[in-house]
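Taking it in order: structure first as C-alpha cells, then the write-up.
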Amino acid sequence: MRRFKDYDDAVSYILQIPRFSAKNDMDATKAFLKIIGEPVAETVIHVAGTNGKGSTCAFLNSVYINQNKTTGMFTSPHLLDIRERIRINDEMISRADFLNCAEYVMQKLDEMKDIKADYHPSFFEFVFFMAARYFSLKKAQVIIYETGLGGRLDATNSLSKKDVCVITQIGMDHMEYLGDTPELIAGEKAGIIKKGVPVVCFKGNNECDRIIENRAKELGSDIYFVGKDNISQVSFNKKNIDFSYKYGYDKYVMFMVQSYAHYQVYNAAIALKTLQVLQGDDCVELESVKQGIAKMTWRGRMEQIGPNVFVDGGHNEDGIAAFVDSVRDDECTGKRYLIFSAVNDKRVSQISRMLVLSGLFDSISLCELTGKRASALDELTKIFKDTIDDTQRCIELRAYGHVREAYEEEKGKLSENDRLYICGSLYLVSEILALSDKG
C-alpha cells in the first residue's frame with residue numbers, strides 16, 4: 001500500500017489519478033463502497049441535474065444546519081481547494097482529516113484485490129469514498145450527495161440508502177458522455193431514481209419531464225414537480241431576491257435568497273419542495289427553513305468579488321441564459337464589460353450568439369484558461385468575431401493571452417457606474433477567485 005508523506009502528497013496523488021485510472025463499472029464501485037463502509041444517516045439526499053445541483057445542495061444544507069442537524073455535503077467541482085468537495089456543517093474537511101481519509105481509502109484497496117485485482121478508483125470515485133469515510137467518522141445526521149456527471153453510472157449512485165432523489169434543471173452539457181439530446185440526458189439523470197424513493201424534479205422540458213416521470217412510475221416512486229408556477233411575487237433588490245413560494249393547495253410563504261441571480265429562486269424552490277417531501281407540509285419548521293434559505297451563500301454564482309465586479313459559473317446554454325436574465329435586471333447605469341472563456345467541449349458558437357444578441361455588453365474580452373481542456377484563444381476570437389459581424393452588433397472585442405491580464409486590464413477601466421461580469425466556465429471563475437482573494 002502506498003503511504004502519503006503528508007497532506008500535500010495526498011492531494012498531489014489524487015489530482016494525478018486521471019492519468020492512470022478510468023471510470024469503473026457500477027458493480028465494482030458498489031463493492032468498494034461496501035468495503036469502505038456506507039455512512040448511516042437519518043436522511044440521505046441524492047441530487048442530479050445539469051444546472052443548479054450545487055446551489056440546491058447548499059440550500060438544503062443551510063436549512064438542516066439551521067435546524068441543528070449535523071450535515072455532510074459532497075459536491076463538485078471545487079473552485080479553489082479540493083477540500084471544498086467534502087464538508088461537515090458547511091466546514092471543509094481539515095487537512096489532517098483529508099490525509100486520514102485518503103490513507104484509509106488506499107488501505108482498503110488491498111481488500112478489493114480478491115474482487116477485482118487491478119481495481120483503482122477514478123479521481124471522482126476516490127474523493128467520494130473519502131467523503132463516505134468522513135461522514136461516517138463525523139456521524140452526519142443528514143448527508144447530501146451531488147452527482148458528478150449524469151447519474152445512472154455516477155459513483156454516487158452506488159448508494160444503497162436514499163430518502164429522496166432530486167433532479168434539477170436539465171440542459172445540453174457533457175453530450176459526449178450523456179447523449180446529444182435533452183431526452184437522452186434526462187434518461188441518464190433519471191438513473192438515480194431508486195425503487196420506492198420519492199423524486200423531486202424541476203418542471204422544464206415536457207419530454208424530459210415525461211421520461212423522468214415514466215421512470216419513477218416504473219420503480220413505484222412518487223414524483224413531485226416544482227417549477228415557475230410554484231413561485232410568485234418576485235422582488236429584486238440590490239443584493240437579494242424576495243419571492244413567494246406555494247406551500248400546499250393555497251398557502252403562500254415569503255422567502256428571501258441572498259443573491260440577485262434569478263436562477264437561485266428556482267434552486268431554492270427545488271430545495272423547498274424537497275424539504276416538504278421529507279418533513280411534510282404540517283411538520284416543516286417554516287421559520288427555520290426561511291432562515292436557512294436566507295443564509296445560504298454559494299461561491300461563483302453571480303458573486304460580487306469587488307466594487308462592480310461579478311463572477312458567474314454559467315457554462316452551457318441554459319446557464320448563460322440564466323446569467324443573461326440576471327444581468328438584464330441589474331439596474332446598471334453605465335457600461336457593462338464581459339470577460340469570457342470556455343473549455344473545449346462547450347458549444348461556444350451558440351453561447352456567443354446568446355451573449356452578443358442580448359445587447360447587454362459594450363465590450364467582450366476573451367482569454368485562454370490554464371490547462372489542457374482550454375479553448376484556444378484564436379478559436380474563441382474567431383467565433384465571437386464571426387458572431388458580431390453576422391449579427392451586425394456594435395461590440396468591442398478584445399483578446400488577452402492570460403486570465404490575469406484580462407482581469408486586471410478590464411477591472412482598471414471601470415468607472416463608478418460601470419459593471420464587469422466574468423462567466424463561461426467554472427475554471428475561469430476559479431482562476432478569477434484566486435486572483436481576487438489575493439487582493
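Bear in mind these aren't lab numbers, they're just calculated from the coordinates by the rules spelled out. Model, not experiment: these values are computed from the prediction. All Cβ positions, glycine included, derive from the backbone under ideal geometry; neighbour counts span all protein chains shown.
Let me have the 222 nm mean residue ellipticity of the chain computed from DSSP H runs of 4+ only, each contributing -39500 (n - 2.57), with the sum over all residues rounded to the nearest 500.
Result for the chain: -12000 deg cm²/dmol, rounded to the nearest 500.
Starting from the 7 Å offset along Cα-to-Cβ, what nm value, one decimal, do you get for the label separation of residue 373 and residue 258?
With each label point 7 Å from Cα toward Cβ, the separation is 2.9 nm.
Whole-Hz Karplus ³J(HN,Hα) for the range 349-361, in order, using 6.51 cos²θ - 1.76 cosθ + 1.60 and θ = phi - 60°, x for Gly and Pro?
Per-residue couplings from phi come out as 4, 5, 5, 4, 5, 5, 5, 5, 5, 4, x, 8, 10 Hz.
Around residue 406, under 13 Å between beta carbons, what's the net of Lys plus Arg minus Asp minus Glu among the other residues?
-2
Can you give the extra length, in nm with one decimal, that the chain gains between residue 382 and residue 404 once fully stretched, where that is 0.36 nm per residue apart less the Cα-Cα distance?
Answer, rounded to one decimal: 5.8 nm.
May I ask you to sort 286, 137 by Cβ crowding, counting other Cβ atoms within 10 Å and putting the fewest first?
In order of increasing Cβ crowding within 10 Å: 286, 137.
What's the magnitude of the charge dipole for the range 303-437 around its Cα centre, counting Lys and Arg as +1 and Asp and Glu as -1 at the beta-carbon? Answer in Debye, nearest 20.
So the magnitude is around 280 debye.
Which one is right for this structure if mean projected area of the Cα convex hull in nm² is calculated from it: (1) 25.7; (2) 21.1; (3) 23.2?
(2)
Rounded to the nearest 5, what % of the DSSP beta bridges within the range 303-437 are antiparallel ones?
Beta bridges within the range 303-437, antiparallel portion: roughly 20 percent.
Suppose we keep just the DSSP beta bridges with both residues in the chain; what percent of those would be antiparallel, to 5?
So the antiparallel bridges amount to about 35 percent of the total.
Assuming R0 = 51 Å, what is the FRET efficiency of residue 222 and residue 12, from their Cβ-Cβ distance, to the nearest 0.05?
It comes to 0.65.
Work out the charge dipole of the chain with +1 on the Cβ of Lys and Arg and -1 on the Cβ of Asp and Glu about the Cα centre, then indicate which of 357, 259, 160 is farthest towards its positive end.
Positive-end residue among those listed: 160.
Charges only on Cβ, +1 for Lys and Arg, -1 for Asp and Glu: so what's the dipole of the chain about the Cα centre, in debye to the nearest 20?
I would put it at about 780 debye.
Could you point to the residue in 193, 15, 233 farthest towards the positive end of the range 7-295's charge dipole, with +1 and -1 charges on the Cβ of Lys/Arg and Asp/Glu respectively?
Result: 233, furthest along the dipole toward the positive end.
Calculate the FRET efficiency for residue 111 and residue 152 from the Cβ-Cβ distance with a Förster distance of 25 Å, rounded to the nearest 0.05.
0.40
Could you list 91, 317 in order of exposure, starting from the residue whose Cβ has the fewest other Cβ atoms within 10 Å?
91, 317
Using the basic label-point model (7 angstrom from Cα toward the beta carbon), what is the residue 239 to residue 251 distance in nanometres?
Placing both labels 7 Å along Cα→Cβ, they lie 3.2 nm apart.
Taking other Cβ within 10 Å of each residue's Cβ, how do 422, 223, 115 sort, fewest first?
Fewest-to-most Cβ neighbours within 10 Å comes out as 115, 223, 422.
Amide H of residue 49: which non-local residues (sequence gap of 5 or more, or other chain) have their own amide H closer than 5 Å, using H built in the peptide plane?
Residues meeting the amide H criterion: 168.
List the residues, sorted by chain then number, that are 5 or more residues from residue 221 or on another chain and whose placed amide H is less than 5 Å from its amide H.
Result for residue 221 returns 196.
Calculate one ³J(HN,Hα) per residue across the range 69-82 by plugging θ = phi - 60° into the Karplus curve 6.51 cos²θ - 1.76 cosθ + 1.60, and present them in order as whole Hz with x for glycine and proline.
3J(HN,Hα) across the range 69-82, in whole Hz: 8, 7, 10, x, 9, 10, 9, 7, x, 9, 9, 10, 9, 4.
For labels at residue 363 and residue 286 in the simple 7 Å Cα→Cβ model, what's the distance in nm?
In this crude spin-label approximation the distance works out to 5.1 nm.
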